[in-house]
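As structure tokens, the structure follows; a few thoughts come after it.
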Amino acid sequence: MFTKVFSAGVNGIESYILEIEVCISRGSLPYLVIVGLPDQAVKESRDRVKAAMVNSQYRFPYDHVTINLAPAHLKKEGPAFDLPIALGLLLASKQIESSRLTEYLVVGELSLDGQVRPLRGCLSMAIKAREEGYRGIILPAENATEAAVVEGLEVIPVKSLTEAVGFFSGRLSIQATKLNLQEVFNNSAHYEVDFAEVRGQEHAKRALLVAAAGAHNVLMIGPPGSGKTMLAQRLPTILPQLHLQEALETSKIYSVCGLLNQSSTGRGLVSTRPFRSPHHNISEAGLVGGGTFPKPGEISLAHYGVLFLDELPEFNRNVLEALRQPLEAGEITVARASSSITYPARIMLLAAMNPCPCGFYTHPKKRCRCTPHQIQNYLSKVSGPLLDRIDIHIEVPALEHRELVHSPTGETSAQLREKVSRARAIQMERLKEHALTTNAQLSGRLVKKFCTLDAYSEGLLQEAMMEMGLSARGYTRVLKLSRTIADLEGSPDIRPEHVSEAIQYRNLDRTFWK
Ligand SMILES: Nc1ncnc2c1ncn2[C@@H]1O[C@H](COP(=O)(O)OP(=O)(O)O)[C@@H](O)[C@H]1O
Ligand SMILES: [Mg+2]
Ligand SMILES: [Zn+2]
């Protein structure tokens, strides 16, 4: 007897449909084989399925059993196919009957006692199910919320093999999980922190506003306690509101990492721009993705949001180097034995560091105890090529307690976000024929086209270049920043005051990396 059940697997963050064919024929020596490029976890499926069936009071067929996973060329990974394999076996051995099984995708890992365990990647699977016109998806109850953000699909949560059988045989009715996507999104799209909580630090706040407006990466240098982390956490709050489509894309990444059911991500959807702050001992795979069982890294978890690297010089050099390609491309390709996987990684990079190993080199009151050699050594851990991808460098000074209490709080995140959104709209309009969206993305050729200076501004910049020893790249960077500052003001022309502000964001090159 031959049956077919439809299931889904995940490759990268996208899902593919899998056909599970079960063929049972009579034979004196019982055997069961799984063919179609299964990995170890799929091979172990046989034992889990057997135990789960027996412990759920079904009979495991002792005949010639062949299970074929198609299409054959894709490597099948993970435990998601236990439940569909079990249902296929029950059907093929005529222990159950169902005409509706093929209308659904079925996924789930089975425990030995027949319970259904949660999976990774259910959001992508649900999206695929709808695209391919399935009526619904049967999945682990824990994953129902994340799948239910997909509209026009019956999302049927099951807790055990017995429940799944009950549903298909029509003896058990299971309520489909329903969510109003727009409502979930609206209710959870707000941040816990606000820029208005930061006192003083006008220079740093302004720099972050400029950074957000043009999507420029930023490096903050300052002693411990000066508020670098506090400022960093608030950068996502002034970026333009996340669109629903972007929220779904980021949510798929969280789903594949099994992170979508945590309370921090709202109810099954990442609805605000992420802020990721990995510790400096993170591995290359942890940061950019990959590993034996490939997973997206922190840079992809920060997709459409902010990746914050605190204590930048403490990160392993090769880990930082691995950032260069995704920073350029907005995605990261991870090589595997036979194929490669691409994960999205469109982020703003925000880095922070102390000015010296002890931290107090620039402190007005406390004494720095580092030797010039130690300081040099410390700074040189941050490579030139990475610094080259960071348009804005700012100093965040330590504030005295008195200053801190008496400084005004300034604008709210909502007010700043409004300015950022206006500046972004100008850039999108200007760059749409080049398929770009922000000034940070401008190539050398486009900088020439869009960042022209009047004679006075040009003179100003030349002078600064001589004085600061700015490189040609530094020159281009000042031009891009000037463009963003002009856009923030809604000024079609770049004016001298825009250029002089932009020059300030390159000043640290001279103080620190010379
Ligand atoms: N400008 C500021 N306004 C309000 N609170 C501040 C400010 N700067 C620092 N703080 C307070 O000091 C704490 C330490 O700041 P933090 O951001 O951790 O410093 P850093 O990361 O530079 O070491 C913050 O949690 C905050 O409570
Ligand atoms: Mg900090
Ligand atoms: Zn020091």
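The values are calculated or read from the model by the stated rules, or taken from the named source; none is laboratory data. Here the structure is a predicted model, which means the values were calculated and not measured. Neighbour counts run over all protein chains shown; Cβ positions are idealised from the backbone, glycine included.
Numerical summary
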read-out: Scan of region 407-419 for residues that are in contact (Cβ under 8 Å) with a residue 60 or more places away in the chain and of a type outside the set (A, V, I, L, M, F, W, C), ordered by number; value: Ser407, Pro408, Thr409, Gly410, Glu411, Thr412, Ser413, Arg417, Lys419
read-out: Odd one out for Glu97, checked against (1) of a type in the set (Asp, Glu); (2) under 22 Å from Ile24 (Cβ atoms); (3) crowded, with 20+ Cβ neighbours inside 10 Å; value: (3)
read-out: Tally of residues being in a helix (DSSP H, G or I), within 16 Å of ligand 1 (Cβ to nearest atom) and in contact with a helix residue (DSSP H, G or I) (Cβ under 6 Å, 6 or more places away or on another chain) across region 155-201; value: 1
read-out: Count of region 124-139 residues which are surrounded by 22 or more Cβ atoms within 10 Å (Cβ to Cβ) and in a strand (DSSP E or B); value: 3
read-out: Spans of helices (runs of 4 or more DSSP H) in region 215-323 with at least 3 residues modelled with pLDDT of 95 or more and either touching a Phe, Trp or Tyr at 6+ places or on another chain (Cβ under 6 Å) or within 15 Å of ligand 1 (Cβ to nearest atom) (or both); value: 228-234
read-out: When residues of region 212-258 are limited to those that are charged (D, E, K, R) and surrounded by fewer than 21 Cβ atoms within 10 Å (Cβ to Cβ), the one farthest from ligand 2 (Cβ to nearest atom); value: Glu249
read-out: Residue in region 297-307 that is surrounded by fewer than 22 Cβ atoms within 10 Å (Cβ to Cβ), of a type outside the set (Asp, Glu) and more than 16 Å from ligand 2 (Cβ to nearest atom) present; value: no
read-out: Counted residues, region 5-28 - those being over 25 Å from Pro294 (Cβ atoms), surrounded by fewer than 17 Cβ atoms within 10 Å (Cβ to Cβ) and in contact (Cβ under 8 Å) with a residue 12 or more places away in the chain; value: 4
read-out: Answer from Ala141, Ala164, Ala129, Ala148 - the residue that is free of Cβ contacts under 8 Å to residues at least 60 places away in the same chain, touching a strand residue (DSSP E or B) at 6+ places or on another chain (Cβ under 7 Å) and over 30 Å from Lys228 (Cβ atoms); value: Ala141
read-out: Elements of type helices (runs of 4 or more DSSP H) contained in region 392-477, each with 1 or more residues being at pLDDT below 90 and among the acidic types (Asp, Glu); value: 401-406, 455-468
read-out: Options Lys205, Lys159: the member that is surrounded by 15 or more Cβ atoms within 10 Å (Cβ to Cβ) and in contact with a Phe, Trp or Tyr (Cβ under 9 Å, 6 or more places away or on another chain); value: Lys205
read-out: Residue count, region 2-21 (criterion: in contact with a Leu (Cβ under 8 Å, 6 or more places away or on another chain) and either among the β-branched types (Val, Ile, Thr) or assigned to a loop (DSSP other than H, G, I, E, B) (or both)); value: 4
read-out: Residue match in region 332-339 (condition: polar (S, T, N, Q), more than 16 Å from ligand 3 (Cβ to nearest atom) and assigned to a strand (DSSP E or B)); value: yes
read-out: Hits in region 461-479 (condition: surrounded by fewer than 20 Cβ atoms within 10 Å (Cβ to Cβ), without any contact (Cβ under 8 Å) to a residue 40 or more places away in the chain and more than 20 Å from Asp493 (Cα to Cα)); value: Glu463, Met465, Met466, Glu467, Ser471, Ala472, Gly474
read-out: Subset of region 308-334 [farther than 26 Å from Leu239 by Cβ and out of contact with any strand residue (DSSP E or B) (no Cβ under 8 Å at 6 or more places or on another chain)]; value: Glu314, Asn316, Arg317, Asn318, Glu321
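Let's see how each residue does on (1) away from ligand 3 (no atom under 16 Å from the Cβ); (2) touching a residue at least 40 places away in the same chain (Cβ under 8 Å):
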{"residue": "Pro326", "(1), (2)": "yes, no"}
{"residue": "Thr342", "(1), (2)": "yes, yes"}
{"residue": "Leu350", "(1), (2)": "yes, yes"}
{"residue": "Asn354", "(1), (2)": "no, yes"}
{"residue": "Arg369", "(1), (2)": "no, no"}
{"residue": "Lys381", "(1), (2)": "no, yes"}
